[in-house]
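Q: Below you will find the structure I want to go over with you.
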Amino acid sequence: MQIVLPPELEELVQRQLASGKYQTAIDVLIAGAKLLEQQEDIYQGRLQELQQEAQIGWKAAQRGELVDGPTAMAQIRASLHSRHATES
């Protein structure tokens, strides 16, 4: 496979090579691909967490366990104030 890099990406590869951190352009591209894969894994994990949290919220709503926005904010502020007071 032949890849033509845009000039700004070519400069990035050249800077990485000049730093001595990588031996070849392929090493730089492999490192970038690994980071992309890690980022995707993190994204998928966080997406699953958010979906689970949404499901928990939906079930709570179905049970009528919701509070309105101003009440929720007051509870959050009170909790933060209490936590701050105990840390001081």
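Any read-out appearing in this document is the output of simple, stated calculations on the displayed coordinates, not a laboratory observation. Just so you know, these numbers come straight off a predicted model, no measurement behind them. Ideal geometry is used to build each Cβ from the backbone, glycine not excepted, and the neighbour counts take in all protein chains shown.
Q: Among all residue pairs at least 6 apart or on different chains, which show Cβ distances below 9 Å where the first residue, located in the stretch 74-88, is in a helix (DSSP H, G or I) and the second is surrounded by 10 or more Cβ atoms within 10 Å (Cβ to Cβ)?
A: Listed pairs, sorted by first residue: Gln75/Val67.
Q: Just give me the residues in the stretch 13-30 being free of Cβ contacts under 8 Å to residues at least 12 places away in the same chain and part of a helix (DSSP H, G or I), in sequence order.
A: Within the stretch 13-30, Gln14, Arg15, Leu17, Ala18, Ile26, Asp27, Ile30 qualify.
Q: Let me ask something else about it. Output the residues belonging to the stretch 21-48 that are acidic (Asp, Glu) and within 17 Å of Glu10 (Cβ to Cβ).
A: Asp27 - this is the single residue of the stretch 21-48 that is acidic (Asp, Glu) and within 17 Å of Glu10 (Cβ to Cβ).
Q: Tell me which residues, restricted to the stretch 50-88, are among the acidic types (Asp, Glu) and surrounded by fewer than 10 Cβ atoms within 10 Å (Cβ to Cβ).
A: Those that are among the acidic types (Asp, Glu) and surrounded by fewer than 10 Cβ atoms within 10 Å (Cβ to Cβ): Glu65, Asp68, Glu87.
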